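Visitor: Here it is, the structure in full.
The values are calculated or read from the model by the stated rules, or taken from the named source; none is laboratory data. What you see is a predicted model, and the numbers here were worked out from it, not measured in a lab. All Cβ positions, glycine included, derive from the backbone under ideal geometry; neighbour counts span all protein chains shown. Ligands, DNA and RNA are excluded from the accessible area calculation, which covers all protein heavy atoms including side chains. Shrake-Rupley method; radii C 1.70, N 1.55, O 1.52, S 1.80 Å.
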Number of protein chains: 2
Amino acid sequence: MELTLKRTRMDDDVCAVARALDIIGDWWSLLIVRDALSGLRRFGEFQRSLGAAKNILTVRLKALTAQGILEQVPASDGSAYLEYVVTEKGRALAPVIVALGQWGDSFLFEPGEARSLPVDAQSRRPLKVQIQAADGRDVGLDQVVVTRPDGLAPAA
Amino acid sequence: MELTLKRTRMDDDVCAVARALDIIGDWWSLLIVRDALSGLRRFGEFQRSLGAAKNILTVRLKALTAQGILEQVPASDGSAYLEYVVTEKGRALAPVIVALGQWGDSFLFEPGEARSLPVDAQSRRPLKVQIQAADGRDVGLDQVVVTRPDGLAPAA
């Protein structure tokens, strides 16, 4: 059973994670960006890939364009169609998508089960993300702390 | 205007990104994991932090526990309450959260606007994620390709 979840606006939240999720926190949006990063450009291509209803896809594409994550460009074949390509802001979501793929790969497949993953354009080998400190030092998962948006210390 | 989006099951999708989003692709779930990584453990703490209705929070916490992302442990103060802590599988979502924070920090705040971000437990400085190839080589954003789940080549 899936409850319909009330959507609270978080676009002025002090937490950068919350503010990001406010924009791309439904999975249609991230899957559209995934498909754009895989080279899809046309409405019909996204629709076939995602199996999404036209009205849902239209709303999502408009929102992603309004947010500057996708932009519309003239069709590459010279036809009258418009196509969607990722902007710099959209391409900057690649680490989120790679991190999701890494997590899915690690925990959500049976051994040997076929899977698709974000890959390096050159080697076609799977990509991963490494958490780093501001100085470039690698940081372990157990060293990640998310500061409290409200500035309160946890109860501990 | 926010349409109610039809939720399609993707838990058997061949794409690791899609399968991951099927589990943690609504933002309540990732914000709960964010809060657990910040040290929150109790139902009331999550409720105050998220401003979520009790029934929504209950459903989400149960789902995250059933998925093995959180686990219930006896209260740290010896009381009869149960507390929630992240498992290894939950902590492995840290790169997703750090990547979201990095993106939000880069694109969703005005210069000088107050913000909270994932930080290094030691230095308390902001963290970032770096995309790497399987051999540890840093990979630029423009080298990220998501393979087509259906094996089809993009139209281009």
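Visitor: Give me the dipole magnitude in Debye, nearest 20, for region B:24-156 about the Cα centre, with unit charges on the beta carbon: positive for Lys and Arg, negative for Asp and Glu.
Guide: 320 debye
Visitor: Between B:Ser76 and B:Asn55, with labels modelled 7 Å along Cα→Cβ, what's the label distance in nm to one decimal, could you check?
Guide: 3.2 nm
Visitor: What Kirkwood radius, in Å to one decimal, follows from the Cα pairs of region A:35-156?
Guide: 17.7 Å
Visitor: Quantify how much of the Cα-Cα distance distribution of the protein assembly as shown extends past 26 Å, in percent.
Guide: Of the Cα pairs, 44 percent sit more than 26 Å apart.
Visitor: With chain B treated as a Gaussian network of Cα nodes joined by springs under 10 Å, which of B:Glu83, B:Glu45, B:Glu113 yields the largest mean-square fluctuation?
Guide: So, out of B:Glu83, B:Glu45, B:Glu113, the one fluctuating most is B:Glu113.
Visitor: Other chains near A:55-62: what is the mean number of their Cβ atoms within 10 Å of each residue's Cβ?
Guide: Partner Cβ neighbours, averaged per residue: 2.
Visitor: With springs connecting C-alpha atoms under 10 Å apart, model chain A as a Gaussian network and identify which of A:Ala20, A:Ala75, A:Ala114 has the largest mean-square fluctuation.
Guide: Answer for the Gaussian network model of chain A: A:Ala114.
Visitor: Considering chain A as a Gaussian network with a 10 Å cut-off on Cα pairs, which listed residue, A:Leu31, A:Leu108, A:Leu21, attains the greatest mean-square fluctuation?
Guide: So, out of A:Leu31, A:Leu108, A:Leu21, the one fluctuating most is A:Leu108.
Visitor: Quote the charge dipole size of the protein assembly as shown about the Cα centre in Debye, to the nearest 20; the model charges only the Cβ of Lys and Arg (+1) and of Asp and Glu (-1).
Guide: Value, rounded to 20: 420 debye.
Visitor: Mind scanning A:Lys54/A:Lys89; A:Lys62/B:Lys89; A:Lys62/B:Lys62 and naming the pairs with a C-alpha gap bigger than 28 Å?
Guide: Check vs 28 Å cut-off fails for A:Lys62/B:Lys89; A:Lys62/B:Lys62.
Visitor: Ignore the peptide's own chain and count Cβ atoms of other chains within 10 Å of each Cβ in A:133-143; give me the average, rounded.
Guide: Mean inter-chain Cβ contacts per residue within 10 Å come to 6.
Visitor: Okay, moving on. Find the sum over both chains of the accessible area lost when B and A are paired, probe 1.4 Å, and report it in Å² to the nearest 100.
Guide: 9000 Å²
Visitor: Per residue, how much accessible area does region A:3-99 show when a 1.4 Å probe rolls over the protein heavy atoms, in square angstrom?
Guide: Per-residue accessible area for region A:3-99 comes out at 41 Å².
Visitor: Moving to a separate point now. Taking the simple approach of a point 7 Å from Cα along Cα-to-Cβ for both B:Gln143 and B:Ala114, what is their distance in nm?
Guide: Spacing of the two 7 Å Cα→Cβ label points: 4.1 nm.
Visitor: Right, here's the next one. Over all distinct Cα pairs, what is the inverse of the mean 1/r for region A:3-98, reported as the Kirkwood hydrodynamic radius in Å?
Guide: Hydrodynamic radius (Kirkwood, Cα only) of region A:3-98 equals 14.1 Å.
Visitor: Peptide B:28-38: average number of partner chain Cβ atoms within 10 Å per residue?
Guide: Shielding by partners across B:28-38 averages 5.
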